[in-house]
Amino acid sequence: MMSCQFLLLLLLSVGVSTVEVQRPRGVPLSKRQFYEEGKPFTCLDGSRTIPFDRVNDDYCDCQDGSDEPGTSACPNGSFHCTNAGFRPGFIPSSRINDGICDCCDTTDEYNSGATCQNSCRELGRKERESLQKMAEIAKEGFLLKQQLIQEAKRGLEDKKAKHADIEVGKKDLEQKVEALRTVKETAEQPEREAKERHLKAWEDQKAVIQMEKDKTRMAEVFLELDDDADGFVSVAEFLSHSELDSNSEDSFTEAEAQELLGGEEKVDTVAFESVWNNIKEKYISEAIADTPAPVETPPEEIREPDNDNDSEQYPEDDIPDEEEDEDEEDEDDDQDDRDYKSPPTTQTPEKKDDDDEGTMPPYDQETQSLIDAAQKARDAFDEAERALREVDDQIKNLEKEISFDFGPSAEFAYLYSQCYELTTSEYIYRLCPFNRVTQKPKFGGSETNLGSWGQWAGPEDNIYALMKYDHGTGCWQGPNRSTTIKLTCGKETVLTSTSEPSRCEYLMEFTSPSICQEPPNLDSAPPGHEEL
């Protein structure tokens, strides 16, 4: 596109001396050879041949309209505007002699009587100025591009050198990590053994404490069961504790109680030890059994406070039938609730408190010293391993930059890790080249991803003219958002415009010196002529 503009500027910048080439009105110079006066004219589509005097006779003889290039007789014809001093062009033949000057040289209104002024030279001057300005911008941008290319080359060399240095440092760090791993594992072995010894001693201590508690409880239970205080627990005394019945479906019989007592009628404190092991999980202390269960207030006794305004707010006559039905259903539900009785609370056997033994005592000085030494070794190893991971990340990022496609001469490398913003009346758009594009409400709100870096997407002859960002945040009941970045030549790197030509598909223009091409040397342009 830019090369075409430079070519046009080259044509417009040559001298304005002209050479008139005779041909029928409305015929471009490129087709002059088909219109030779005095010879029969063959329609350009080859459909027929007619005498030359029927060209531009205001009657359409050819299907393609080529016999009437200078009249409006053919609906599909076209008229060539010479526009000397400006750009030549074509208009539909229907606009010939319609009273409106479409050609800047006024040649389309040769027989309408319209008053027109030839504005081609003024239009040509303005266009030359505009194109000249664009050429100057392109020239400056191209010079900046050369600087960016040199900087990219130096940057690439620096990255490669840094990559090599980090690789060397990585090997040293890997050796350090392995050495510290050995130190850590060596320090952890005595630490682990010392902790195990400490834990075993604590478990043994807890077992002794639990045994003493069990003996104490056994003695208390023996006294509870020995109702007559004769120093023996008998079958009759056992029968008062039905929870000891192994078969809860039947009544607790004397035979079952005697079986629990080891077949004896009664046992003393020594024999009770073997009995205790069989009943201690089921036995319920008489003190707990005698404690009355909390009395629950029946549902019908719980009443809501009276509301004096209920009758005024909801008079019975105004209650719809549906509401009455709902009230009846609610009453039925309430009745069901009253009819349902909660099952009696079952007293569970006393369970030992896991915290009765207390907390594990602190480590002794020798064990604590081993733990501190092992922890110090772990910290050193973790620090070295973390440093190694950071080095791996640096290498990965450097390799990504070194291998990235930043253009034929890495002219786009300077955009890496940079971001550019454009603020509109509603949103703040943010472009981070080779990363992603976002949109954020100007007056607060969450950020929306308009696409992450995909690939260069320009045409084959200029692939670096477009950037494509895909897989953005999904639209409501629509596709994921995506953005196309159109790069244009400029002295500055600026995000200049944004639009949404299709739903969830955004188009932005981004100026950069890196896209500028070397302009032609207009000062050395060869002389030429303009056709009339």
Query raised in the report: Please state the relative contact order of region 47-97 as a whole percent: Cα pairs under 8 Å, 6+ residues apart?
Result: 27
**Report entry** Low-density loop positions, trypsin sites (Lys or Arg not before Pro), region 438-526 - DSSP coil, at most 14 other Cβ in 10 Å
**Finding:** LYS442, ARG503
Requested in this report: State, to one decimal in nm, how far the label point of TRP456 lies from the label point of ASP53, with both points 7 Å from Cα in the Cβ direction.
Outcome: 6.4
Query raised in the report: When ligands, DNA and RNA are left out and all protein chains stay put, how many square angstrom of accessible area per residue does region 52-174 have with a 1.4 Å probe?
Result: 57
**Report entry** In region 422-494, the GluC sites (Glu not before Pro) that fall in loop regions by DSSP, at most 14 other Cβ within 10 Å
**Finding:** GLU426, GLU447, GLU492
Query raised in the report: Any idea of the accessible area per residue across region 446-511, 1.4 Å probe, to the nearest Å²?
Result: 53
Query raised in the report: Simple spin-label model, 7 Å along Cα-to-Cβ: GLU129 to SER94 in nm?
Result: 3.6
Query raised in the report: Roughly how many nanometres apart are two label points built 7 Å out from the Cα toward the Cβ at LYS176 and LEU143?
Result: 4.9
Query raised in the report: Between ALA229 and LYS396, what length comes free when the chain is fully extended (0.36 nm per residue of separation minus the Cα-Cα distance, one decimal in nm)?
Result: 51.6 nm
Query - ILE463-ARG32 FRET efficiency (beta carbon distance; Förster radius 60 Å; 0.05 resolution) - result: 0.90
Report task. Work out how much length ALA387 to GLN368 would gain on full extension: take 0.36 nm times their residue separation and subtract the Cα-Cα distance, in nm to one decimal. Result -> 4.0 nm
Requested in this report: Give me the percent of the accessible area of region 121-179 that comes from carbon and sulfur atoms, probe 1.4 Å, all protein chains in place.
Outcome: 52
Report summary line: Taking a ≥ b ≥ c as the square roots of the eigenvalues of the Cα gyration tensor, with a/c under 1.5 meaning rounded and otherwise prolate when a/b exceeds b/c and oblate if not, region 385-458 is oblate
**Report entry** For region 119-224: rounded, prolate or oblate by the Cα gyration tensor [a/c cutoff 1.5]
**Finding:** oblate
Query - Förster radius 51 Å - calculated FRET efficiency between LEU156 and ARG192, Cβ distance, rounded to 0.05 - result: 0.50
Query - Per-residue ³J(HN,Hα) for region 378-386, Karplus 6.51 cos²θ - 1.76 cosθ + 1.60, θ = phi - 60°, Hz, x for Gly and Pro - result: 5, 4, 5, 5, 4, 5, 5, 5, 5
**Report entry** Gain in span if fully extended, SER425 to VAL270, counting 0.36 nm per residue against the direct Cα distance
**Finding:** 46.4 nm
Requested in this report: With 30 Å as the limit, write out which pairs from LYS176/LYS396; LYS400/LYS491; LYS145/LYS396; LYS153/LYS442 have Cα-Cα distances beyond it, or answer none.
Outcome: LYS153/LYS442
Query raised in the report: Based on the Cβ-Cβ distance of GLU136 and LYS376, what FRET efficiency does E = 1/(1 + (r/R0)^6) give at R0 = 56 Å, to the nearest 0.05?
Result: 0.25
Query raised in the report: Sorted from largest down, what three extents in whole angstroms do the Cα atoms of region 435-510 have along their principal axes?
Result: 37, 25, 22
Requested in this report: For region 44-132, just run the numbers: alpha carbon Rg, then divide by 2.2 N^0.38 Å, N being how many residues it has.
Outcome: 1.25
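The values are calculated or read from the model by the stated rules, or taken from the named source; none is laboratory data. Note that the structure is a prediction, hence the values are computed from the model and not measured. Cβ coordinates were reconstructed from backbone atoms using ideal geometry, including for glycine residues, and neighbour counts include every protein chain displayed. The accessibility values were calculated without ligands, DNA or RNA, using every heavy atom of the protein model including side chains. Shrake-Rupley method; radii C 1.70, N 1.55, O 1.52, S 1.80 Å.
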